[in-house]
Amino acid sequence: MSDQDPVANGSTDSEAAAQGPPPASRPIPDRPAEDPDVLNRRELFRIAALAGPLAAAQWAAGGASVVAAADDRSDAAEGRAPAYGKPRPDRGDASAPRRYAMKKSFNLWALPYPDAMSLADCFELAKQAGFDGVEINFDLEGDVSAASKPRDLDRVRELAAKIGIEISGLCSFLFWPYPLTSNDPQKRARGRELAAQMVRAARRLGTRNLLVVPGAVYIPWAPEDEPVPNDVCWQRATEAVRSLIPLARECNVSLNIENIFANGFLLSPDDMNRFVDQFDSDVVGIHFDTGNIMQYQFPEHWIPLCGRRIRNVHFKEYSKRAGTEFTLDSFRPLLDGTTNWPAVIAALDRVGYRGYLTFEYFRPFPHWPESLIYQTSDALDRMLGRKA
């Protein structure tokens, strides 16, 4: 995002335009000779006031591209998006865009499944829209659920393979009604039981990635009578994850701990790293969600610190324009928020991440829901340098 300079001498573009062309006795000044590589913005605004915006644009044309190219190099080095009006590699008007090797995926919450679409419909749409994979959600009932038999899960894997789409990971909302750190022992036990079923389901589906919500101090949308003290939450979460490690290793599934936005637990990269590292296990990693920390923090700051612990990624757009009040409306379609995506992708690339970038969104479009998927595919293509 470019800086906005104040208009010199208090003139505005509309006032400048109203003055019309300059008198013949006041020719448009030449471009400053003393420093041809720097656009003198104050001089530019003075010209706009005298001669109108068009003349100012003509005067600037020679030097602006030099400055913009230099600024773009600086932007790229610092992970910022190039400002409007500058040469934009991602728009095809400077050079070929940087290509990244990550893969495209979306979570099925972005579609009206299973109410209005079947699993086959979702897989076919993903393939047609140019995605590499789809993230599936484990529920109490349905195609992939606690009620599924092994053969049911095999059929889902076979369906995906037949259509030509990968299953990028397994996710579940069940960690909220059955937290692994709940004050209720029965809920904790049920949570562990369901998590073990998820590990086995992930193996059947042919994915190594299982998203794990390790626990919560407090859950705003499912509050318990008393919040869980931080040290108790840490202890219970540690015990729960440790209990799953032998099964995860047997199933060749990674327990990917997700950073959450409102659970009061693991709210810094240092805490997240310390939690994951204590297991000293190759089957425990991080599921990094870009949107879940945007309310108060920035994903590009976490990624270099979490590094190669990151096993899977949710690309969830967030708009800080919503303020600090939590609402699902803060999560937006990709590129319709305030995330610094060039910085995020560059940071992931620098830590060697080559896995899935999974779009997560909780509000399917009520009409033509497939349009969200095509829109997301196009956005990811541009972000990954596949399309200019």
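Each reported figure results from applying straightforward, stated rules to the coordinates on display, with no laboratory input. Model, not experiment: these values are computed from the prediction.
For segment 145-201 and segment 271-301, what is the separation of their C-alpha centers, rounded to whole Å?
That distance is 21 Å.
Can you tell me the relative contact order of segment 103-383? Whole percent, Cα pairs under 8 Å, sequence separation 6 or more. Kindly include the intermediate steps, with their values, before the conclusion.
Details: 529 pairs, mean separation 52.8, N = 281.
Computed value for segment 103-383: 19 percent relative contact order.
Does segment 103-383 classify as rounded, prolate or oblate by the C-alpha gyration tensor (a ≥ b ≥ c root eigenvalues; a/c under 1.5 gives rounded; else a/b over b/c gives prolate, otherwise oblate)? Please report the intermediate quantities before stating the final value.
Numbers: a/c = 1.42, a/b = 1.12, b/c = 1.26.
Rounded shape, in that the Cα axes give a/c under 1.5.
Give the distance, in whole Å, between the Cα centre of segment 223-242 and the Cα centre of segment 325-386.
Segment 223-242 and segment 325-386 have Cα centres spaced 31 Å from each other.
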